[in-house]
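Here is the structure we will look at, set down as structure tokens.
None of the figures in this text is laboratory data; all of them are computed from the coordinates on show. In this text, all values refer to a predicted model and were calculated from it rather than measured experimentally. Backbone-built Cβ (ideal geometry, glycine too); neighbour counts: all protein chains shown.
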Amino acid sequence: MTETAIQTPDAEVKTETNNQDNPLFKPSETLPSDPMESDIDDIADEEGAPAWMVTFADLVTLLLVFFILLFSISSVETEKFKSVLSSIQLALNDKHPIAQQIIITTVSSTTEADSKPIIPQPIVEPKKPSDKEQLLDDIESMILEQRLGKFVYVYTEGDRIIIRIKGTILFPSGDVVLFDDAVPIFEDIYYLFKKYADYNIDIKGYTDNSPIATKQFPSNWELSAVRATTVLRFFIDQGIDPTRMSATGYADLFPIASNTTQAGRAQNRRVEFVLEKQE
């Protein structure tokens, strides 16, 4: 059966004939396929994406999470921060290892309305130590440097600073002549008195209760008074203003230890410098 097409301006009339019954009909040979179409078919037959796409996708996801976190941190609003993290968890799915590490917590923050303007504070210089504190430091440093801790003590009573020196290093028993070892101690103290010229100096002499009855010292009163004035004269000779100084003897009054023992009596024999700032 052959097909004959008759085309007219209004319509196309087709007549069919059976080509298979026509002995002259031969089926057309198969034409060679296009190489481009073969390549497309091969790509279509491949299953899944290339392996590098997995790494690339993870990298892009991590970068996305990183920048979203930066953005959310820059905004201190708690609700917005929580919503952003929730979006990340939904985007990554709950089973993703990154999503499992994200924990939403309440972040205390302040909005622009609640924030207070930062007012620069004036620079406050560190407080300088007072003259009294500086004098105490200098006395303690002198005691440490000269290793006089066994013989010289310093303490305070209100506004007064008291330097106590054991009599055993200053005078022989029953005498008022200074030991040679006492001179270096007094020289160090002299420099302190000269540096802090606005302090008055009251020198006090003390003895133990051992009685003394000599032509020169009928009692401990005379002995303690002469010892105090001996120390006073040493500092006047060194150049300290006499109007700043006074000397008093107290005999065995005001003991600081028991007079029943030799060690206690040695502590009671002493000379004290009472320093008080001039008004």
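Kindly provide the set of residues from the range 201-232 that are surrounded by 14 or more Cβ atoms within 10 Å (Cβ to Cβ) and among the charged types (D, E, K, R), ordered by number. Result: Asp202, Lys204, Asp208, Glu222, Arg227. Residues in the range 143-155 that are outside any loop (DSSP other than H, G, I, E, B) and touching a residue at least 24 places away in the same chain (Cβ under 8 Å): Val152 alone. When Gln238 is tested against (1) surrounded by 15 or more Cβ atoms within 10 Å (Cβ to Cβ); (2) touching a residue at least 24 places away in the same chain (Cβ under 8 Å), just one condition goes unmet, and that condition is (1).
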